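Following: one structure in structure tokens, then a few remarks.
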Amino acid sequence: MAVAALGGVGPLALSSCALGDPEVIRAKAEPAEASPVAKGADLENFDPCTFFKPDELTSYGVSTQAEDFTLVSFQPGCAWNGKKMDIALQKNEDETVDSLEKGAHDEYTRIKIAGRDSARLIVAGGEGTGGCITVVPAGGGIVLYQLSGYMRDSVADPCGEIEKIAEQTASRLPE
């Protein structure tokens, strides 16, 4: 039920370059020893579905059981359901904190998370709906921490809550 609510914030109105940068595709097709490091290469083996520890998930008030939350192939991830809110974690090897800023949003504010230049994002039309996204650079791409309250007032400060979760865990993300 709330995963459907997160569905509205998953793709983030990503730019068409997220569908496949020709330089990245070419770099991935070349032999490893001859190619430069492709954008997002460190993120390639990162699994958002196994990132959180069970005790962390319990402390956030969500299930320890991950559910697939891959709405588009280039942004895989998982969601965890709770009574008041759901959280989701996705990765995107092609986008950056800078590139997402160019999209249409209700809010895009630069913040620091675990010493990294990150951003608070509320999708267009999402202001006041109980959801928020924290965009954190990782491994040449980005990781998206997402929170969606079941009701618009289920979580008093959705951005503050998801930023707290990101701050506590982002140090484990790929550099």
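Tabulated data for the structure shown
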item: Which numbered condition Lys102 misses (of (1) modelled with pLDDT of 95 or more; (2) open to solvent by 40 Å² or more (accessible area, probe 1.4 Å)); result: (1)
item: So Asp86, is it open to solvent by less than 30 Å² (accessible area, probe 1.4 Å), touching a residue at least 24 places away in the same chain (Cβ under 8 Å) and closer than 20 Å to Glu56 by Cβ; result: yes
item: Region 118-163, residues that are under 14 Å from the mean Cα position of the chain (by Cα) and over 18 Å from Cys49 (Cα atoms); result: Ser118, Ala119, Arg120, Leu121, Ile122, Val123, Gly131, Cys132, Gly140, Cys159, Glu163
item: Residues satisfying the stated conditions in region 130-150, i.e. touching a residue at least 40 places away in the same chain (Cβ under 8 Å) and of a type in the set (S, T, N, Q); result: Gln146, Ser148
item: Residue within region 141-148 that is modelled with pLDDT of 95 or more and either in a helix (DSSP H, G or I) or open to solvent by 50 Å² or more (accessible area, probe 1.4 Å) (or both) present; result: no
item: Set Tyr108, Tyr145, Tyr150: member being of a type in the set (Phe, Trp, Tyr) and out of contact with any strand residue (DSSP E or B) (no Cβ under 6 Å at 6 or more places or on another chain); result: Tyr150
item: Of all residues in region 43-81 being over 14 Å from the mean Cα position of the chain (by Cα) and among the acidic types (Asp, Glu), the one that is surrounded by the fewest Cβ atoms within 10 Å (Cβ to Cβ); result: Asp55
item: Candidates Asp94, Asp153, filtered to the one that is without any contact (Cβ under 8 Å) to a residue 40 or more places away in the chain and either open to solvent by 10 Å² or more (accessible area, probe 1.4 Å) or in contact with an Asp or Glu (Cβ under 7 Å, 6 or more places away or on another chain) (or both); result: Asp153
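The values are calculated or read from the model by the stated rules, or taken from the named source; none is laboratory data. Since we're looking at a predicted model, the values are computed, not measured. Please note: Cβ atoms are built from the backbone with ideal geometry, for glycine as well, and neighbour counts cover all protein chains shown. Only protein heavy atoms, including side chains, enter the accessible area calculation; ligands, DNA and RNA are left aside. Shrake-Rupley method; radii C 1.70, N 1.55, O 1.52, S 1.80 Å.
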